[in-house]
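Each value in this text was obtained by applying a stated rule to the coordinates, not by laboratory testing. Please read these numbers as outputs of a predicted model, since none were measured by experiment. Here the Cβ positions follow ideal geometry from the backbone for every residue, glycine too, while neighbour counts run over all protein chains shown.
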């Protein structure tokens with residue numbers, strides 16, 4: 001019975017360690033978002049690129065919405081008020097950022113956690129389909145837990 005509790009404690013410790021790694025990976029992705037927005041806003045000559053990049057990159061933590069919560073309304077405002085080039089530019093920036101995020105996230109998070117990027121991508125897609133935005137967040141944690149339990153049970 002004590003062997004069971006020892007394994008349970010080991011699972012807990014490894015899970016906490018991997019959650020910290022996941023948070024670190026998300027920090028890297030937020031920094032990448034910050035740099036993309038900063039360069040995009042600077043290129044589009046929009047005001048306050050550093051502050052707006054910080055705000056937009058922190059919105060990256062929001063499930064489903066992410067940077068769209070800032071960039072899309074801003075683009076619509078610019079399109080309506082005559083800033084056609086800048087509005088279209090923000091939409092293009094958002095599309096580029098989304099593609100980069102969908103490519104980088106499984107790679108960075110997978111590398112930090114020792115999971116294959118394709119497996120992580122499939123897990124996140126399944127989480128999105130089954131549970132919506134919250135599923136994208138919790139799917140990696142479930143995968144982490146399964147990985148740890150399988151490894152612990154084998155030993």
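A few notes on this one:
- Looking across the range 129-146, the residues that are touching a residue at least 40 places away in the same chain (Cβ under 8 Å) and either at negative phi or in contact with a helix residue (DSSP H, G or I) (Cβ under 8 Å, 6 or more places away or on another chain) (or both) come down to 133, 134, 136, 137, 140, 141, 144, 145.
- Single match in 91, 70, 23, 11 (criterion: free of Cβ contacts under 8 Å to residues at least 24 places away in the same chain and under 23 Å from residue 141 (Cα atoms)): 23
- Some residue of the range 124-138 being farther than 22 Å from residue 23 by Cβ and surrounded by fewer than 20 Cβ atoms within 10 Å (Cβ to Cβ): yes
- Single unsatisfied condition, residue 6 versus (1) in contact (Cβ under 8 Å) with a residue 12 or more places away in the chain; (2) closer than 19 Å to residue 147 by Cα: (1)
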